[in-house]
Amino acid sequence: KKTLLDYLDYMQGEGASFGFVKWNEVKVHESMHINPHFFKHIEVYQSNEGDRDKSLFSVLKKTKTPGGTRLLREFLENPLVNLKTISERQRAIYKWKEDYNRLVDFREKLSFVGDIERRVARAGHPLGSPQDLLRLKRSLAAFLDSFSDIYFEDRKQIQEVYELLESSIEEDPV
């Protein structure tokens with residue numbers, strides 16, 4: 001079965017699709033489909049005058065990383081309809097609100113993470129440089145530090161990639 005990524009590799013050369021490492025899956029029965037014109041009318045991304053600073057998105061955007069900004073955009077564009085999923089998200093938010101000092105510390109650490117998704121794409125690109133790998137290594141270190149006391153599914157894989165980069169790259173080669 002051929003995919004869009006196979007076609008990209010065929011047209012642009014083997015490995016061209018490497019930067020597209022993760023596709024967002026939108027579960028049809030868990031999120032509401034919203035017409036794109038609706039976003040314009042309720043001024044989600046910019047006001048009717050074209051001012052982005054007066055939009056709903058700008059009011060809500062308190063993210064520390066580009067990945068967080070993309071996630072917020074995804075949440076706005078695919079609002080949940082499944083009550084169980086909504087309740088789980090609300091519980092997670094409430095836990096952070098209960099421990100405000102931990103939230104402040106977590107957000108401070110996140111400010112050092114950078115754009116991991118973009119760094120992975122650059123590092124895997126044929127024109128990628130050792131500097132791109134070094135930036136990726138630093139971002140992964142900051143990410144793992146940020147989530148040191150939080151469980152997440154991909155921790156082992158991210159840790160392995162970080163360790164591979166750590167053992168392969170010298171910060172200041174002689």
**Amide hydrogen neighbours beyond the local backbone of Ser31, cut-off 5 Å, H modeled** = Val81
**Message:** Along its three principal axes, how long is region 101-174 when you only count alpha carbons? Whole Å, largest extent first please.
**Reply:** 40, 26, 22
**Request:** List every residue whose amide H lies under 5 Å from the amide H of Phe147, counting only residues 5 or more places away in sequence or on a different chain, with H placed 1.01 Å from N in the peptide plane.
**Result:** none
**Item:** Listed residues Arg135, Arg119, Arg91, most fluctuating in the chain (Gaussian network, C-alpha, under 10 Å)
**Value:** Arg91
**Complete:** The percentage of the accessible area of region 117-174 (probe 1.4 Å, all protein chains present) made up of carbon and sulfur atoms, to the nearest whole number, is 53
**Prompt:** For the chain, what is the accessible area per residue in Å² when the probe is 1.4 Å?
**Reply:** 78
**Prompt:** Among Lys54/Lys156; Lys62/Lys137; Lys84/Lys109; Lys40/Lys137, which pairs are too far apart, with a Cα-Cα distance over 32 Å?
**Reply:** Lys54/Lys156; Lys40/Lys137
**Request:** Determine ³J(HN,Hα), in whole Hz, for all residues of region 161-170 in sequence, where each value follows from phi through the Karplus function 6.51 cos²θ - 1.76 cosθ + 1.60 and θ = phi - 60°; x replaces Gly and Pro.
**Result:** 5, 4, 4, 4, 5, 4, 7, 9, 10, 9
**Message:** In whole Hz and in residue order, list the ³J(HN,Hα) couplings for region 77-87 that follow from phi through the Karplus curve 6.51 cos²θ - 1.76 cosθ + 1.60, θ = phi - 60°; x for Gly and Pro.
**Reply:** 7, 10, x, 6, 10, 7, 4, 4, 5, 4, 5
**Message:** Can you tell me, using C-alpha contacts under 8 Å and at least 6 residues apart, the relative contact order of the chain as a whole percent?
**Reply:** 19
**Asked** How large, in Å, is region 82-130 by the Kirkwood hydrodynamic radius built from its alpha-carbon pairs?
**Response** 13.7
**Message:** With the alpha-carbon atoms as the only input, what is the per residue convex hull volume for the chain in Å³?
**Reply:** 196
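The values are calculated or read from the model by the stated rules, or taken from the named source; none is laboratory data. Predicted model, so just to flag it, every value in this text is computed and none were measured. Just the protein is used for accessible areas: all its heavy atoms, side chains included, with ligands, DNA and RNA removed. Shrake-Rupley method; radii C 1.70, N 1.55, O 1.52, S 1.80 Å.
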